[in-house]
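K.L.:
Input: one structure, supplied below.
The values are calculated or read from the model by the stated rules, or taken from the named source; none is laboratory data. Bear in mind the structure is a predicted one, so any value in this text is a computation, not a measurement. Methodologically, a virtual Cβ is constructed for each residue, glycine included, from the backbone with ideal geometry; neighbour enumeration extends over all protein chains shown. What goes into the accessible areas is simple: the full protein's heavy atoms, side chains included, and nothing from ligands, DNA or RNA. Shrake-Rupley method; radii C 1.70, N 1.55, O 1.52, S 1.80 Å.
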Amino acid sequence: MASLCGPTCFMIPATNGGLLRHRTSLTTRRGCLSVSGGTSFFHTSPSSKRSLSFTCLSISSDSRIGIKEAVETEKAPAALGPYSQANKVNNILFVSGVLGLVPETGKFVSDNVEDQTEQLLKNMGEILKAGGASYSSVVKTTIMLADLKDFKKVNEIYAKYFPAPFPARSTYQVAALPLDAKIEIECIATL
Ligand SMILES: CC(=[NH2+])C(=O)[O-]
C-alpha cells in the first residue's frame, strides 16, 4: 500500500457515516480509496465551500483521481465477469455495457433486437437510478450492434428513452457480443 500525502480531502455526509462504520473493509491505495459494499458517499476538493455537515475522513492524496465507488443493483442483470455494473468517480457515473437480459433469470428477453434493446435500456435505467443518475443526465453512449442493419430499429427505441438534447453517441457493428447478444450499450452520465 502506498503512502498517502497531499491536499485532497475525502468527505462523507454525516448521515452516511453510520453506513461506513458497518463496512467490512476500508482500504487505501495511492490516490484511490476503496470501500467494499459501496454505498453513496463522495469527496470534495479543498476548494469546495460546502457548508453542509460532513464526516471528513481527512484522507490526503497526491492524486486527483478521487474516490471510485461501485454501483450495484439487483434490478439490473448482475455483471457477467470481473466488472461493476457502474462506477461513480467524482461527479461522473460510468455504466458498463448493458445487455437485454432479464435481471431475475439472467436470460435474454428474446432473440429479437427490438426486445433486447427495450430490455437493456430498462436495465440501464435501473443502474442509472441506483447510481443517482437518470436517462436525462446521460452525456455519452456507445452502441455495439451485432448487425448494423438493426440501426434504424434501434434508433426508434433509443429515442424513446433519451430526451433531447440527446447524449453524444458512437455506434459500431462488432464481430461478436457477450452471450451472442444482438446489442450492447454503455454510457456515461453526470451526477
Ligand atoms: C457485458 C459486459 N459489459 C461485459 O463486459 O462483458
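K.L.:
May I ask you to list the residues in region 80-119 that are within 12 Å of the ligand (Cβ to nearest atom), among the aliphatic types (A, V, I, L, M) and not in a loop (DSSP other than H, G, I, E, B)?
P.N.:
Once the filter is applied, which keeps residues that are within 12 Å of the ligand (Cβ to nearest atom), among the aliphatic types (A, V, I, L, M) and not in a loop (DSSP other than H, G, I, E, B), region 80-119 yields Ala86, Val95, Val98, Leu101.
K.L.:
Just one of the numbered conditions (1) within 16 Å of the ligand (Cβ to nearest atom); (2) surrounded by fewer than 19 Cβ atoms within 10 Å (Cβ to Cβ) is not true of Cys187; which one?
P.N.:
Failed condition: (2).
K.L.:
Among what's in region 162-184 and is within 20 Å of the chain's Cα centre (by Cα) and within 14 Å of the ligand (Cβ to nearest atom), pick the residue that is least open to solvent (accessible area, probe 1.4 Å).
P.N.:
Per the stated criteria, the residue is Ile183.
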